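*Asks:* Dumping the structure here so I can ask a few things about it.
Derivation of every value follows stated rules applied to the coordinates shown; laboratory data play no part. Owing to the predicted nature of the structure, the values given are computational and were not obtained by experimental measurement. All Cβ positions, glycine included, derive from the backbone under ideal geometry; neighbour counts span all protein chains shown.
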Amino acid sequence: MTDCLKKPALFVGSVEENINLSVPPATGEEYIKRVIVEAQKCDDVVIAQIDRRRLKDTGVYVKALAGCVTAPHSLAPAAEWQKCQITDFSDIRLYVARLKSEIQTCKRKWRPSSICMPEVDDKSGWIKFCLGSNTFHEECKSNDPTLEILFSMNQPTIEQVLEYLIEFVEIQKRLEDDLGRWIYALLVVLEVPLNPDMCSCLRSLARICSVLRADLSPIKKSQTTVLNLFICLVARYFRQLDLADP
């Protein structure tokens with residue numbers, strides 16, 4: 001079988017070494033002969049002569065992403081408290097996952113939500129749907145993150161809405177109770193492992209929570225719990241451990 005590989009693909013006859021390479025070849029056979037002669041004149045091994053003085057520094061600087069802002073000593077969560085939050089959150093996720101499985105296997109009766117939800121790419125629509133709107137131009141009632149609504153959302157929608165809400169926190173520089181409820185509920189039904197975009201999004205949530213916590217005025221110390229909670233969940237449940245409080 002290997003003998004066929006030794007057979008020449010093209011017959012070129014005898015090759016003269018004194019071919020005048022300055023004259024253009026007249027036929028295809030002459031061209032192939034010139035290629036053979038030039039190939040025979042090439043060294044088997046060639047070492048490039050490099051002028052290292054002309055080489056530029058190819059070092060690449062990668063800026064490390066900022067981590068969480070260290071909590072003031074009086075606001076830092078205790079390790080035992082963090083452990084309890086992870087346990088409670090895990091139990092809730094397991095319970096909700098079991099309910100969803102029973103619905104999918106027809107072991108539990110369930111009707112999709114009759115509430116009209118925005119299209120997945122309607123950012124402002126989802127902000128109004130989750131948080132409501134009360135402006136001079138319009139008044140829109142907010143919706144609670146019930147299981148009926150959450151089970152009506154597929155995973156891409158859950159991820160997209162979560163991203164909208166986290167961006168809203170970053171822009172508004174505050175985290176109100178209704179917004180916190182929605183983010184927590186979406187985290188409960190968020191599937192793991194996380195894709196890179198969702199991982200980055202949750203890290204942004206932890207970072208903005210740490211910034212808000214560090215800037216809390218004495219009058220708003222009651223908001224510390226929810227901020228600590230989201231930092232704890234992102235860092236310890238979703239395994240972004242470099243963002244964790246001690």
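*Asks:* Taking a temperature of 37 °C and a viscosity of 0.692 mPa s, what whole-number D in µm²/s does Stokes-Einstein yield for segment 124-194 with Rh from Kirkwood over alpha carbon pairs?
*Replies:* 259
*Asks:* So what J values fall out for segment 75-80 if you push phi through Karplus, 6.51 cos²θ - 1.76 cosθ + 1.60 with θ = phi - 60°, rounded to Hz, Gly and Pro as x?
*Replies:* For segment 75-80, the Karplus curve yields 10, 5, x, 6, 4, 5 Hz.
*Asks:* Which whole-number percent is the relative contact order of the chain (Cα, under 8 Å, 6+ apart)?
*Replies:* That works out to 21 percent.
*Asks:* Hey, in the GNM for the chain with a 10 angstrom Cα cutoff, which one of LYS221, LYS56, LYS141 fluctuates hardest?
*Replies:* Largest GNM mean-square fluctuation: LYS56.
*Asks:* Just going by the charge dipole of the chain, with Lys and Arg at +1 and Asp and Glu at -1 on Cβ, which of VAL35, THR87, ALA244 is farthest out on the positive end?
*Replies:* THR87
*Asks:* How big is the Rg/Rh ratio for segment 198-239, C-alpha atoms only, Rh by Kirkwood, two decimals?
*Replies:* 1.02
*Asks:* Output wanted: per-residue J couplings in Hz (rounded whole) for segment 106-117, from phi through Karplus 6.51 cos²θ - 1.76 cosθ + 1.60, θ = phi - 60°, x for Gly and Pro.
*Replies:* Values per residue, Gly and Pro as x: 6, 8, 9, 6, 7, 10, x, 4, 8, 6, 6, 9 Hz.
*Asks:* May I pose another question? Sum up the charges of everything whose Cβ sits under 12 Å from the Cβ of ALA79, counting Lys and Arg as +1 and Asp and Glu as -1, but leave ALA79 out.
*Replies:* Summing Lys/Arg as +1 and Asp/Glu as -1 gives 0.
*Asks:* Report the residue, chosen from THR70, THR27, THR157, that carries the largest GNM mean-square fluctuation when the chain is represented by alpha-carbon nodes joined by springs under 10 Å.
*Replies:* THR27
*Asks:* Right, something else. List the equivalent ellipsoid semi-axes of the chain in whole Å, largest first, each obtained as the square root of 5λ for an eigenvalue λ of the Cα gyration tensor.
*Replies:* That gives 65, 28, 20 Å for the three semi-axes.
*Asks:* Can you tally the net charge around GLY13? Count Lys and Arg as +1, Asp and Glu as -1, for every other residue whose Cβ sits under 9 Å from the Cβ of GLY13.
*Replies:* 0
*Asks:* Now a separate question. Quick one: what Rg and Dmax do you get for segment 79-170 from the alpha carbons, in Å?
*Replies:* Answer for segment 79-170, Rg first and Dmax second: 16.0, 48 Å.
*Asks:* Give me VAL192, VAL45, VAL234 sorted ascending by neighbouring Cβ count inside 10 Å, so fewest comes first.
*Replies:* VAL45, VAL192, VAL234
*Asks:* Distance between the C-alpha centers of segment 174-238 and segment 35-54? Whole Å please.
*Replies:* About 61 Å separates the Cα centre of segment 174-238 from the one of segment 35-54.
*Asks:* Counting only residues 5 or more places away or on other chains, whose amide H sits under 5 Å from the amide H of SER133 once H atoms are built in the peptide plane?
*Replies:* For SER133, whose amide H was placed from the backbone, the distant partners under 5 Å are CYS140, LYS141, SER142.
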